[in-house]
1. Just tell me which aspartates and glutamates come within less than 12 Å, Cα to Cα, of residue A:281; anything on the same chain fewer than 8 places away is out.
2. What is the gain in length, in nm to one decimal, between residue A:526 and residue A:17 on full extension, counting 0.36 nm per residue of separation less the C-alpha to C-alpha distance?
3. Could you put B:192, B:137 in order, starting from the residue whose Cβ has the fewest other Cβ atoms within 10 Å?
4. Among A:643, A:460, A:198, flag the residue with its Cα farthest along the positive direction of the charge dipole of chain A, charges on Cβ as +1 for Lys/Arg and -1 for Asp/Glu.
5. Taking 0.36 nm per residue of separation and subtracting the Cα-Cα distance, what length does fully extending residue A:242 through residue A:447 add?
6. Counting alpha carbon pairs within less than 8 Å and at least 6 residues apart, what relative contact order, in whole percent, applies to chain B?
7. Roughly speaking, what is the centre-to-centre gap between the range B:162-227 and the range A:625-666 when only Cα atoms are used, to the nearest Å?
8. Place a +1 charge on the Cβ of each Lys and Arg in chain A and a -1 charge on the Cβ of each Asp and Glu, then give the dipole magnitude about the Cα centre in debye, rounded to the nearest 20.
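Rule-based calculations on the coordinates, nothing more; no lab input. Computed from a predicted model, the values in this text were never measured in an experiment. FYI the Cβ positions are ideal-geometry reconstructions off the backbone, even for glycines, and counts take in every protein chain you see.
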Amino acid sequence: MNDLRDRFTGRLEDRRFLTGTGRYVDDITLPHQAHMALVLSPYAHAVLRGIDTAEAEAMPGVLAVLTGADVLADGLGPVPPFFMPKMWGGPEGYATLRPILCTDRVRCVGDRVAIVIAETRDQARLAAEMVAVDYDPLPVVTSARAALEGDGVPLWEDNPTGNLSCSLEMGDKAATAAAFAAADVTLHRHFLTPRLAPASLEPRGCIGHYDAGEDRYTLHTSSQDPHGFRAVIARNVLKCAESRIRVISPDVGGGFGLKAHMHPEDALVLWASRRTGRPVKWIATRSEAMMTDTQGRGQEIEAEIALNRDGKVLAVRATAWTNMGAYFWGTATPPFYFAMQLIPNVYDLGAVDLTNHAVFTNIAPMSVYRGAGRPEATFVMERLMDEAAAAIGMDPVELRLKNVIAPEAMPFKTATGMVYDSGEFANMIRKARAAADWAGFPARAEASRAKGLLRGRSLISYIEVAGVMNERMELRFEPDGTLTILAGTHSHGQGHATVFTELVADWLSIPAESIRYVQGDTDRILVGRGTFAARSSMLGGSALLRAKDALIERAKEMAAVVLQAEIADIDFEQGMLKVRGSNKALSLIEAAKLFYLPAGPANLLGIGLTGAGTAAGKPGAAPNYPNGCMVCEVEVNPKTGALTIERFVAFDDVGRILNATLCEGQIHGGIAQGLGQALLEAMTYDEDGQLTSGSFMDYCMPRAEHMPAVDSYLLEVPCATNPLQVKGVGESGAIGTPAALVNAVMDAIRPLGVTSIDMPVTQARLWQTLRDAEAGV
Amino acid sequence: MNEFQIIRPAALSDAVAAFNDAEEAMYLSGGMTLIPSMKARLAAPQLLIDLSGLPEMQGISDSGLSLRIGAMTRWAEILRSDVVAGAIPELARLVGQIADRHVRNRGTIGGSIANNDPAADCPAAVLGLGATLITDRREIAADDFYLGLFTTALEEDEILVAIDFPKPQAAAYAKHPHPASGYAVAGVMVARMAQGWRVAVTGAGADGAFRLTELEAALQSGPVEAALEKIDVSAIQVLNEPAFPADFRRQLILWLARESLGRLAV
Ligand SMILES: Cc1cc2nc3c(=O)[nH]c(=O)nc-3n(C[C@H](O)[C@H](O)[C@H](O)COP(=O)(O)OP(=O)(O)OC[C@H]3O[C@@H](n4cnc5c(N)ncnc54)[C@H](O)[C@@H]3O)c2cc1C
């Protein structure tokens, strides 16, 4: 399949994306459309005493002003988390019930308090400013650790464990304690991973349309998972049949996990449409996006490693505090879970003892963001490995080679219960080391030193778990012999239309131009899980393969009738259904057309040629484990704290490669996000819970000028858990990059006595760290 | 954005009169600062007075001793101007570090100076070169112009018409851009004028742009290296932002002074 790279001339999507004919929610205008504006809490924590809507209602163009009281009066339900850790075998935990508008209390800045519907967007906004809300401020806590240790007041008074939702524990406490007691060396580090803004280029936005005649709702929304949105809104909020809601998610301008779960606005526009009899549109401004979007990451951790002088790692112990924000919202469980479960990484660790506390605070809710817990896990393990190597005076690469899981040990069950099916970790490390000219480092370091600069390097390994839940794909021939792919997955920049079309064209030997790709519409797609957690090529691709098989089986029935042969004697080869041992044949396209004739064999076989296929991932079946290595070299100016990335090599095992160009594009994008996390980005709040990074003037997104030249190599280690032998690729770059960058920086500055530096490693922070080290702080 | 009216007067006196007649009026130049703040509802004028139709505020000219730039001149025009390149090339270099080309195509020098954002670049040139600010009613010396963050000596209805920059014997500007916004976390302009040295700092000061008089005096009396060694920045009141520790900002002033003086020597 590698040859697909040579044939690659661009994505099928590119024409519409590059010519401005993409179709995003804000491109859609429905007849008689009205607009929604939000009234958001300016307080991080307060009792909601009352809301006076009179003045707003009297403003020009205003159709309705709705509050939490109206939500209750109309019987709209609150939204629980999409699922809790318990579903994955974790603890029960306190699951918040979040109303779509707050009724008696606000718990973070940006909590939704009221909405205004008006003829124009500006009228709605102007009136929203006139909604008078009476707040009674409460004490605020923004740090997870402080919230547990008694600062602030409980956010959820009916939670018996205060601000703790649950504590997830993994591993073996006794075995770990014994290993620590027996180890030659133990060391402890404290790490902070700040909160990050998903910052999708297309902000969240939606249009709700209630059709009173049909008693049916249509939601146009920027979503990674239209069916998931529909289920939550039907079941929890509107309490209606799913068939009464249609969710359409057209082109989506970036999701990164932000759009994997619904936000209150998705339900609010539907309800507002029902109340006003008008389609209602809402598109987040950038400021609203920064304030109201779920965020990624946000973890504090105390981590320890125990090893012997010969480099054998014996155990890892860690306690983490995950800042859930005000709600346990959406798909917050995977990052919470994976941040612990993937700590063993590619190593055969004797024992682990891991605890993760999910803590409520007065900041925006946390949920999935590219990598979702895996970057945190990788950061902890890889930072510890480098610190341990320094402590015992061993080359950090040799330390890794000494502890990696051998290919012969596959399938391998980790100390946290993951079962890796495949992976050539040592091979990967050696290849990456060679590609980055590890041996030439001393000379380069000397050259840097001559310029007064410090050079540092790192080699890190990462592993990812990809492919959650099952998936369904469908193939449907049209009466004229053209083919439609009905995808349960959802592309929002990944290029699925290209890859799935290429696969099907290849399998069926039909021209790609005769294939149409359809996604993102609950009326057209029977069911789909959407796209996140690097699942689509494995689950979508495997389901597509099975759909193809089902389609061919049915086409053989037609061939058997037309060619007067036994089904068992018919083979499908290069677009033709052939009777074995004869020259009788029927093309697949001709067979398809026969299925649609108003008379003939279709009478007997049933009208229509379609095939559907299912593939299954976790839970219930094995996921896959993309993995890789990164080598990074940096130069640090010890006087100014200025940092440059001099070398960046990424080696990724993505299983069988479907489209190398798109794989590398995913790796590059992930590295950009990982670099943002390591060096530039942090969502910050002051002690009153006010967002202090609410615009791109303060929140630093990675730009082209920040990116190093990336040498990306793909290693094909076929995956054993799916018929396409593919692994995920979407999150890979984002997972290893923070650890690679920070380890390289640490390698440069460790000789000055620095033991730790927090992300983002800005110039100011690096300068301060070096100065503190110099002063012996 | 709230509803507003917009007019484009052809005479300065009409612009001022319109300002005073209206309940809540604001002058509009490039709109690169004003329009975003209106969108964010931080400003809600009922009347916008577009200054782009006033001939006095246009044009760039070299009088021999100084360079006069109309307040309505857009950054892009300054960058393109042969007159600026000939008279004070360092001014064009400074302007080239402002924002991006889209913003430079709209933003004006007058709008920037009137707005007096503490992180803007231009105050370093105005103070560093000792410019004269020419308004519809008077001339204001640079040293009397800056009164604090977003505050200038301009009266409420006063219009900045042009800026007169004396030509330096040599000048250099160095900037540490904010990684997110591109504005100056600190920026230092050093200039050797006929009357002596001037050094101005933007971006860093707690009260906005200021002159580093201590360094000016040291440069006056001795070689550059000795002057840099001598000055003490530890007492400078700098802007307080968590992302930029005060000591780091003070340090930046020193580095940037060194960098710009280094460029002067070349
Ligand atoms: C993305 C972005 C990045 C930027 N980066 C930088 C940067 O790196 N460095 C930098 O220095 N600047 C930067 N700026 C600011 C830019 O230079 C603006 O052009 C400038 O601040 C304002 O100029 P303007 O002509 O757009 O003024 P306007 O927005 O039109 O006006 C600004 C204010 O001044 C008043 N005003 C305007 N003209 C006059 C006048 N002649 N007399 C009296 N009052 C007047 C207005 O009433 C208003 O209050 C950036 C702006 C943006 C949007």
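1. A:26, A:27, A:119, A:265, A:266
2. On the way: separation 509, 0.36 × 509 = 183.24 nm, distance 2.67 nm.
That works out to 180.6 nm of additional length.
3. Numbers: B:192 16, B:137 13.
The fewest-first ordering by Cβ neighbours comes to B:137, B:192.
4. Sorting the options by dipole projection puts first A:460.
5. Values: separation 205, 0.36 × 205 = 73.80 nm, distance 6.57 nm.
Result for the pair: 67.2 nm of gain on full extension.
6. Numbers: 548 pairs, mean separation 39.6, N = 266.
The normalised contact order for chain B reaches 15 percent.
7. 40
8. On the way: 72 positive and 91 negative charges, 199 e Å.
Result for chain A is approximately 960 debye, rounded to the nearest 20.
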